[in-house]
Amino acid sequence: MQVNRNFSNLATSYLFTEVARKQREYSAAHPEAEIIRLSIGDVTRPLVPAVIDAMTRAVAEMGKAETFRGYGDEQGYGFLREAIKKYYAGKGVALTLEEIFISDGAKSDVGNILNIFSTDNIVAVPDPVYPVYVDTNIMDGRKVMLLDANAENGFLPMPGEEHADIIYICSPNNPTGAVYNKEQLTAWVDYALAHDAVILFDAAYEAFINDAALPTSIYQIPGAEKCAIELCSLSKTAGFTGTRCGYTIVPKALVKDDASLNAMWLRRQTTKFNGVPYIVQRGAEAVFTPEGMAECKENIAHYRENAKVMGAAFDKLGLRYCGGVHSPYIWLHCPDGMTSWEYFDVLLSEYHIVGTPGSGFGKNGEGYIRLTAFNTAENTKKAVERLTK
Ligand code: PLP
C-alpha cells in the first residue's frame, strides 16, 4: 500500500502551539504577570438568547415521538436555507434554495470543495492568509501560486497576467483585516471569467463589514454567479465556533468543463456528508430572525469597539497597521524593524500581551503581528493602557 505522500510537503504548523508554549513558559517563570491574550481567533461572547431559545425548543422536539427528527437532507433543512435565501435577498442577491448548502462550518467546506476540482488545477492563494487554503491543496498535490499581499497593495493582491484555475479570496481577510471594494472584486470576477477560473470566496467575516458600499458577498458583483463559490460561517457572525454551522453557495449558473458544479457538489455532499444536527440548524435559523440579528449585531459592535480602541491607541503611538475597521483583526507592523517573533517576545515580556506572529500566515507576514478584538472591553482597554504608557 501507499500513503498520500503529498502530506510530507506540508510545512510543520507550529504557530499556535509555539505561541501557547511561550506563553505557558513565561507564566510559569512570572506567575504574578497578568497576561492578556490578544491572540484569540475565537469569539469570547456566548450564544445570543434568540439562538439559545430556538435550540432549547429543538431539544424538546427531539425528546417527543411526534416531533423527533432523524436524518435530515444532507444539504440542510429547508427552513434554514429559506432564512439564508432571505438574508441574501437583503443584500440584493437572488438565490434559489438548491444553491444553498448548509455545512458544519466554513473550514470543512474550504477543504471539501476541492473534491470537485482536478488536482491538475493551478491555485492562486494570497500571502499572508488563513493557512487552510494552502495546506488543503498541498494535501491534494495541487500547484499553489502565492499572490503577494503587502503594504504596497494594501494587503489586497489584484489579478496579474499569470493564469490560475482556482482563486482564493478572503474578504475581510484573516489575518490582515483588509477588505476588497466593489471595483477590486469586479477585477477579480472579470479575471475569473476571462480565465475560465473559479473563485472560492471566503466570507467568514462578512458580518464585520461596516460600510454599505463594500461588498459582503461576491454575488453582489455582476457575473460572479458564473465563476464563484461562496463559503460562509456563523462562527464569527453569531458565535458558532463551538456550535458549528455555516453554508456554501454554489450557483446553478456555475458550469465548468461542461459540468454543473452545483450538481457535483450536491453529489459529493449526499455521498460524504450527513448534514448538520437539527438542533444546531434551528439555532442557526434564529440568527436570521430580527431578534437574532439584533442580538448578534450587538456582539459584533462590541468586538468592533475593541478594535477601535486598539486602532486609536496605535494611531496615537504612530504605529502602522491595517484592519480593525471591517474586521476583528488588527495587522500591526512591528516597530523598530523587529521580526514577528522578536516583537512577540517584546509584547509578552514587557507588556504581558500575547499576539500572533504574522510570519505564521505566510512569508509576507514577516514583520507583522496579528492582534484580535475577541476579548472583553476591560482587557482590551488594559492592554492598550499598557502599550501607551
Ligand atoms: N475562514 C476563515 C478566513 C477563518 O478565519 C476561519 C476561522 O477562523 C474559518 C474560515 C473557519 O470557520 P468555521 O469556524 O466556520 O469553520
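Read-outs throughout are calculated quantities, based only on the coordinates presented, and are distinct from any laboratory measurement. Given the structure is predicted, the values throughout are model-derived calculations rather than measurements. Glycine also receives a Cβ, built like all others from the backbone with ideal geometry; neighbour counts cover every protein chain displayed.
Note on ARG57/HIS163: beta-carbon distance plugged into 1/(1 + (r/R0)^6) with R0 of 45 Å gives a FRET efficiency of 0.30.
Would you kindly state how much longer the chain becomes between ARG21 and ALA212 on full extension, computed as 0.36 nm times their sequence separation minus their alpha carbon distance, in nm to one decimal?
Working: separation 191, 0.36 × 191 = 68.76 nm, distance 4.15 nm.
Net length gain for the segment: 64.6 nm.
Rounded to the nearest 500, the 222 nm mean residue ellipticity of the chain from helices alone is -12000 deg cm²/dmol, with -39,500 (n - 2.57) taken per DSSP H run of at least 4 residues. Residue by residue, segment 213-223 carries 3J(HN,Hα) couplings of 7, 8, x, 9, 9, 5, 6, 6, 9, x, x Hz when phi is fed to the Karplus relation 6.51 cos²θ - 1.76 cosθ + 1.60 (θ = phi - 60°); x denotes Gly or Pro. Ordering LYS91, LYS86 from the fewest to the most neighbouring beta carbons within 10 Å gives LYS86, LYS91.
When only DSSP loop residues count, what GluC sites (Glu not before Pro) in segment 45-85 have their Cβ near at most 12 other Cβ atoms within 10 Å?
Working: sites: GLU61, GLU66, GLU74, GLU82; in loops: GLU66, GLU74.
Counting only loop positions with at most 12 other Cβ atoms within 10 Å, the GluC sites (Glu not before Pro) in segment 45-85 are GLU66.
Working note: Karplus 6.51/-1.76/1.60 with θ = phi - 60° gives segment 244-254 the couplings 6, 7, x, 7, 10, 9, 10, x, 5, 6, 7 Hz, where Gly and Pro are set to x. Between the amide H of ILE167 and those of ALA124, VAL198, ILE199, LEU200, distances stay under 5 Å, these residues lying 5 or more places away or on another chain, with hydrogens modeled in the peptide plane.
For trypsin sites (Lys or Arg not before Pro), the sites in segment 1-84 that DSSP calls loop and that have at most 15 other Cβ atoms within 10 Å are LYS64, ARG69. Give me the net charge for the shell around ALA83: Cβ to Cβ below 11 angstrom, other residues only, Lys and Arg +1, Asp and Glu -1. With Lys, Arg at +1 and Asp, Glu at -1, the net is +2. On full extension, the segment bounded by LEU266 and GLU66 gains 69.0 nm, given 0.36 nm per residue less the C-alpha separation.
Mind listing which GluC sites (Glu not before Pro) in segment 101-163 are in a DSSP loop and have 11 or fewer other Cβ atoms within 10 Å?
On the way: sites: GLU152, GLU161, GLU162; in loops: GLU161, GLU162.
Listed in order of number, the matching sites are GLU161, GLU162.
Which of the residue pairs LYS107/LYS256; LYS236/LYS256; LYS22/LYS297 have a Cα-Cα distance greater than 27 Å in the structure shown? Going by Cα-Cα distance, LYS236/LYS256; LYS22/LYS297 fall outside the 27 Å limit. Listed by chain and number, the lysines placed with their C-alpha closer than 20 angstrom to that of LYS381 are LYS308, LYS316, LYS389; residues fewer than eight positions away on the same chain are left out.
With the contact rule set at Cα under 8 Å and sequence spacing of 6 or more, what percent relative contact order holds for the chain? Let's see the in-between values first.
On the way: 736 pairs, mean separation 91.5, N = 389.
Computed over the chain, the figure is 24 percent.
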